[in-house]
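Have a look at the structure below before the remarks.
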Amino acid sequence: VLWSACCSNGAESYSYAMYLHRLFQRLDAGCPMRVVGTDINETLIEGARKGAYQVKPDEWQEFRPYFEHYADVTGDRIIFREEIRRFLTFLPHDIKKAPRKHRFQVIVCANVFQYYKDDAREHFLRNFASVLDSPGYIYAGVVRPEIVARAGLEPLGRYGMLYKP
């Protein structure tokens with residue numbers, strides 16, 4: 001299960017689901033897949049559940065075949081089909097609190113950390129680590145090494161990936 005924290009309108013969550021679905025198909029892997037997108041804004045979550053987006057054709061044309069595999073594309077409108085939507089769950093959630101009902105193998109939250117100072121980053125990172133399976137991975141972007149260590153995580157590479165052994 002991948003958690004897309006602070007997913008806004010859900011567009012990135014759909015991208016993660018499409019990527020993982022294609023990857024698992026290519027590997028002929030029968031493992032279950034789920035992407036959970038959360039945001040504090042319930043209006044955005046409702047929109048994400050619908051899976052319909054207005055797009056500027058010049059911004060995504062190179063990926064058009066990829067989107068057409070999972071969505072109905074008409075002009076500047078994309079509507080994701082059930083084939084991919086069934087792998088997504090969108091929930092309202094305030095990241096100041098750890099989720100109670102989910103465990104995750106991967107958490108993507110880099111967009112969160114760019115807006116907060118270190119004390120809030122540490123609080124969020126501890127919440128994320130508390131619901132992360134072991135082994136598990138968090139993409140957090142740039143976080144100071146001492147905060148990573150206090151959250152019980154290890155840096156993995158140089159791109160803001162963190163690892164929970």
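The values are calculated or read from the model by the stated rules, or taken from the named source; none is laboratory data. Everything numeric in this text was worked out from a predicted model, so none of it was measured. Note: ideal-geometry Cβ built from the backbone for every residue, glycine included; neighbour counts use all protein chains shown. All accessible areas refer to the heavy atoms of the entire protein, side chains included, with ligands and DNA or RNA removed. Shrake-Rupley method; radii C 1.70, N 1.55, O 1.52, S 1.80 Å.
Before moving on, here are some points about what is shown:
- Modelled label positions at residue 61 and residue 79, each set 7 Å beyond Cα in the direction of Cβ, lie 2.5 nm from each other.
- Size of electric dipole in region 105-165: Cβ of Lys, Arg +1 and of Asp, Glu -1, about Cα centre, debye, nearest 20: 80 debye
- Beta bridges assigned by DSSP with both partners in region 66-165 are antiparallel in approximately 75 percent of cases.
- C-alpha center-to-center spacing [region 75-151, region 41-66] in angstrom: 20 Å
- When shorter helices are ignored and each DSSP H run of at least 4 residues is given -39500 (n - 2.57), the per-residue value for the chain at 222 nm works out to -10000 deg cm²/dmol.
- Kyte-Doolittle mean at least -1.0, axial Cα span of 15 Å or more - DSSP H helices of the chain: 11-26
- Answer label, with Cα extents along the principal axes in Å calculated from the coordinates and candidates (1) 48, 36, 31; (2) 66, 31, 20; (3) 56, 50, 29: (1)
- Protection-proxy order for peptides 135-147, 75-87, each taking the mean of Cβ atoms within 10 Å per residue, highest first: 135-147, 75-87
- Approximate shape of region 62-146 as ellipsoid semi-axes (Cα gyration tensor, √5λ), whole Å, largest first: 31, 16, 12
- Within the accessible area of the chain, the carbon and sulfur atoms contribute 54%, probe 1.4 Å, all protein chains present.
- Gyration tensor (alpha-carbon) shape descriptor, region 61-103, a/c threshold 1.5: prolate
- Entry comment: accessible area of region 47-122 is 64 Å² per residue, from protein heavy atoms only and a probe of 1.4 Å.
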